[in-house]
Amino acid sequence: MITALPEPRPVFDVPVLRWGILGTGWIADKFVTALQASTQQRVVAVGSRSREGAERFAAGHGIETAHASYEALVGDPEVDVIYVASPHPSHLEHGLLAVEAGKHVLVEKPLGLNAAQARQLAGAARAAGVFAAEALWSLALPKFDVLAQLLADGVLGQVGAIQADIGEWLPEEHRIFDRALAGGCMLDLATYPVMFAHWVTGVPEDVVAVGTRHSGGTVSAASMALRFPSGVEAALLATATHATPTTAAVGGSEALLHLDGPFYQPGPFTLVQREGPTLRYEEEPIAHAGLFHQALQVALAIGEGRTEAPFRPLDASSATLEIMDRVRAVTGDRFDME
């Protein structure tokens, strides 16, 4: 039993790095906006497949240098670290492009289309001696640091159950339904509940799943049941066609953690204790404005000479994708470019 929640551990002495942005889409815009609003990190260059696209993005964000190719971006000597924000099928290619140019790299989730691609990129980064990480931003949030402390301190007792869901009303024209872009619910949405279950308790021994196929051919929804060697069971859901509460919970013998929706974004959670007070953690629900936290963690790790992010080690990224590979094998969800 505890009477007060721990505080998020502060981040001090973060070096200022020079960031290059590979890609000019929605998530690149959100990432750069968050960095510029909440950190001292410098976004010095952007690269696109066209000069027009790069210049438009640069002008919109006050970025000094616009490169008309990704190769020019990773070859820019004024850039310390590359943020890969291209479509999913290109994450491996562009991650390797940065690594082979000797650049540190933060790759937008997922690290690859599957576990094999993630391991390939991780191996290349390790061989080159550069930093590499998956931009699984949730785990860099202050909220998740508090959750990590509660789990490490055994406040929940023996964990026995995990629940997590994510669901959105996405329009028919959304890229998530595009087979050419490795569409479907897994890489964009299921990443979060699967990541959460793995983060809490490791690799499952059993994976059971069912999926629903969209008219365009992608698997738009998946329900997953996982059983872990410790005896923990997890019930997970992801859907691109229906809104869900997008909450998460971890049930233990001594306490229950309940994360308000969307659980993977900044926001509050509740600790309900079997014996003791119910405690509430409050955090402003600033949505993707919280993307800056992962950039601070990356800059800190690089400044300390690390080649991986403590909040999201490369093996954890590969393990999450391995679980999703197992789910996709059951639901028949295969990407055309695999």
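Count, please, the residues in region 150-174 that happen to be under 21 Å from Pro87 (Cα atoms) and either among the aliphatic types (A, V, I, L, M) or under 18 Å from the mean Cα position of the chain (by Cα) (or both).
Final tally of qualifying residues: 4.
Name the helices (runs of 4 or more DSSP H) wholly within region 1-91 that hold at least 1 residues that are in contact (Cβ under 8 Å) with a residue 60 or more places away in the chain?
Ranges flagged: 26-38.
In the set Gly216, Gly251, Gly231, which member is modelled with pLDDT under 95 and surrounded by fewer than 21 Cβ atoms within 10 Å (Cβ to Cβ)?
Answer to the check: Gly216.
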> Residues in region 40-47: is at least one closer than 30 Å to Ala148 by Cα, of a type in the set (Gly, Ala, Ser), modelled with pLDDT of 95 or more and not assigned by TED's automatic domain parsing to the domain that holds Asp188?
Replying inline: no
>> Consider region 92-122. How many of its residues are among the β-branched types (Val, Ile, Thr) and touching a residue at least 60 places away in the same chain (Cβ under 8 Å)?
In response: 0
> Quick one: in region 92-117, which of the residues that are in contact with an Asp or Glu (Cβ under 8 Å, 6 or more places away or on another chain) and part of a helix (DSSP H, G or I) is surrounded by the most Cβ atoms within 10 Å (Cβ to Cβ)?
Replying inline: Leu97
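The values are calculated or read from the model by the stated rules, or taken from the named source; none is laboratory data. What you see is a predicted model, and the numbers here were worked out from it, not measured in a lab. Ideal geometry is used to build each Cβ from the backbone, glycine not excepted, and the neighbour counts take in all protein chains shown.
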